[in-house]
Amino acid sequence: MDPNVRVTLHEMLKDRGYDRVEHEDDVSIVAKKTNHDNRSVMVYFIYEPKVSVKRVKNIKEMIDNDETKYECLILVYKTAITTFAKQFITTDVNDLFVQAFSERELSFNVTKHHLVPKHEVLTPEEKRNVVKKYRTPMKQFPLMLSSDPVARYYGLLPGGMVKITRPSPTAGEYTLYRVVV
């Protein structure tokens, strides 16, 4: 496995608020949020070239038998994941937020690219304040797909809001808010 993948994963976990790594080995990483004891994430590495639905079912059973309650499962795979495995993730793993990343997607940190502006994930309170400040309903804000690389990096779910700050030649700095769909 490319060492950059692990570096990017650690940066992604830190950016999502997971600041304490509980366990790390060749197969998995378990991280927790210090201020929320029940919030934890598992990163699971699949070394087979193609991920099958059987493999995903085995991982789900392993997590179900674990006493730790995870809020998120991140699968990192080599090259491909079958359509049935993707379908199983979206339909049969209801109580867990599951994301699948290829090693190629994690070979660099997308948020550190020079063309990607600064993104800040807003809390529900900050989101309410923005809606109140601009007196605009949520559906009127520009949209960001949940499949966007930055949205996937931060693990954003539909309904979340992001503050984007980009440089402007005339204003110096330009702020934009986008809603995840």
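Readers should treat all values here as calculations from the given coordinates under stated rules, not as data from a laboratory. Values in this document were obtained by computation on a predicted structure and should not be read as measured data. Please note: Cβ atoms are built from the backbone with ideal geometry, for glycine as well, and neighbour counts cover all protein chains shown.
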Inset, instruction - Take the chain, compute every pairwise Cα distance, and split them into 10 Å bins from 0; I just need the percent in each bin. - result: 8, 33, 35, 18, 6, 0
Legend entry - Stretchable slack from Glu120 to Ser147, in nm (0.36 nm times residue separation minus alpha-carbon distance): 8.0 nm
Inset, instruction - Give the Kirkwood hydrodynamic radius (Å, one decimal) of the stretch 3-108, defined as one over the mean of 1/r across all pairs of different Cα atoms. - result: 14.1 Å
Legend entry - Exposed trypsin sites (Lys or Arg not before Pro) absent: longest stretch of the chain, with sites in DSSP loops and at most 13 other Cβ within 10 Å deemed exposed: 1-68
Legend entry - Anisotropy class of the stretch 114-180 from Cα gyration tensor, a/c 1.5 cut: oblate
Inset, instruction - Relative to the longest principal axis of the C-alpha atoms of the chain, give the angle of the C-alpha long axis of helix 3-15, reported between 0 and 90° and rounded to the nearest 10°. - result: 50 degrees
Legend entry - Ellipticity estimate at 222 nm from DSSP helix runs (n ≥ 4, -39,500 (n - 2.57)) divided over the chain, nearest 500: -9000 deg cm²/dmol
